[in-house]
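The values are calculated or read from the model by the stated rules, or taken from the named source; none is laboratory data. Predicted model, so just to flag it, every value in this text is computed and none were measured. Every residue, glycine among them, receives a Cβ derived from its backbone with ideal geometry; neighbour counts consider all protein chains shown.
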Ligand SMILES: [Zn+2]
């Protein structure tokens, strides 16, 4: 976290606002068609494509590229790059840059998704506004060298407007029409508008999830008891802002469970993902004790936790190879 900057001078970018209004309205019509008109195969195909795209965001852009919480083999990185392209949320490089700014300048005016301004700002408005000129000045403070060196991220960024329309849009829309005779209209509205409306919200949620699943400081239970049937609030989303490199941190309020984490563990077992970093309770306890009793700065204590997590991950990686 850094010092605060002058109030932001962000303005609504009206073409983007209109695009998202249309996307959501047409996506709703797609939902209607999905429930009442589409063939079963189209429903299954739409679910598979949407879940694959979600993995591209959660396990790809977020946990692999933004936070380096594990290492992926090249076929897995290629898969995650293509999965991310399916989501239609812009290129990985820009996503990672914005997310790293969000973490580094958390809850300041430089933070593009400033949680202090509420859920609507963090989830919706921040994504349809021009960027803050103050934030632009701090872009060079973000270390992007690791992402710069990734050939698949480079390829996706360079050819995004060729790869995305063909692989991410036309092929998924064409498949149901071509292979099981779905109507063109159904395919466009379900695999085009509805799918993109869903994946865009998944991508936005990663930056605003804390405001849905995170308890407020000092709270033990959600103030509205009924919400526990829909949302399991906890401090885990806050934990992600302290130790963002922990692979067990789920994007939507979970820790050490949830779909993405399970898939990541399966990939590790298959040998295509390795070096999964996590913190032990003991490390955290020691870090907190050193900060509270020893007067050591919290950032230094957390850096030591990362160091021991990296050593542990390396040990596991070497053991796997032997
Ligand atoms: Zn994050």
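How many of the residues making up the range 111-130 are surrounded by 13 or more Cβ atoms within 10 Å (Cβ to Cβ), over 19 Å from the mean Cα position of the chain (by Cα) and touching a residue at least 60 places away in the same chain (Cβ under 8 Å)?
1
For the list (1) touching a residue at least 40 places away in the same chain (Cβ under 8 Å); (2) surrounded by fewer than 22 Cβ atoms within 10 Å (Cβ to Cβ), I need the number of the one condition that residue 36 fails.
(1)
So residue 185 passes all but one of these: (1) within 28 Å of residue 70 (Cβ to Cβ); (2) at pLDDT 95 or above. Which condition number does it fail?
(1)
Can you say whether residue 167 is touching a helix residue (DSSP H, G or I) at 6+ places or on another chain (Cβ under 9 Å) and within 19 Å of residue 33 (Cα to Cα), as far as the supplied structure shows?
No: the conditions fail for residue 167.
Is it fair to say residue 65 is closer than 22 Å to residue 275 by Cα and in contact (Cβ under 8 Å) with a residue 40 or more places away in the chain?
So residue 65 passes the test.
Which condition breaks for residue 132 when tested against (1) under 23 Å from residue 237 (Cβ atoms); (2) modelled with pLDDT under 95?
The one condition residue 132 does not meet is (1).
So which of 86, 55 ends up being within 11 Å of the chain's Cα centre (by Cα) and either modelled with pLDDT of 95 or more or assigned to a helix (DSSP H, G or I) (or both)?
The conditions single out 55.
Of everything in the range 64-92 that's within 14 Å of residue 268 (Cα to Cα) and crowded, with 23+ Cβ neighbours inside 10 Å, which residue is farthest from the ligand (Cβ to nearest atom)?
Only one residue tops the list, namely 72.
Within the range 255-272, does at least one residue satisfy the condition of being surrounded by 16 or more Cβ atoms within 10 Å (Cβ to Cβ) and more than 26 Å from residue 99 (Cα to Cα)?
For the range 255-272, residues surrounded by 16 or more Cβ atoms within 10 Å (Cβ to Cβ) and more than 26 Å from residue 99 (Cα to Cα): absent.
In the range 93-109, which residues are within 17 Å of residue 130 (Cβ to Cβ) and within 16 Å of the ligand (Cβ to nearest atom)?
94, 97, 98, 101, 102
From the set of residues in the range 271-322 that are assigned to a helix (DSSP H, G or I) and in contact with a strand residue (DSSP E or B) (Cβ under 7 Å, 6 or more places away or on another chain), which is nearest to residue 65 (Cα to Cα)?
317
Kindly indicate whether residue 228 is within 16 Å of the ligand (Cβ to nearest atom), surrounded by fewer than 19 Cβ atoms within 10 Å (Cβ to Cβ) and modelled with pLDDT under 85.
no
Might you check whether a residue that is within 16 Å of residue 86 (Cα to Cα), surrounded by fewer than 21 Cβ atoms within 10 Å (Cβ to Cβ) and within 16 Å of the ligand (Cβ to nearest atom) occurs anywhere in the range 204-225?
Checked against the condition, which is being within 16 Å of residue 86 (Cα to Cα), surrounded by fewer than 21 Cβ atoms within 10 Å (Cβ to Cβ) and within 16 Å of the ligand (Cβ to nearest atom), the range 204-225 yields at least one hit.
Using the structure shown, decide if residue 61 is part of a helix (DSSP H, G or I) and surrounded by 23 or more Cβ atoms within 10 Å (Cβ to Cβ).
yes
Collect the residues in the range 240-249 that are away from the ligand (no atom under 11 Å from the Cβ) and free of Cβ contacts under 8 Å to residues at least 40 places away in the same chain, keeping them in residue-number order.
The answer is 248, and nothing else.
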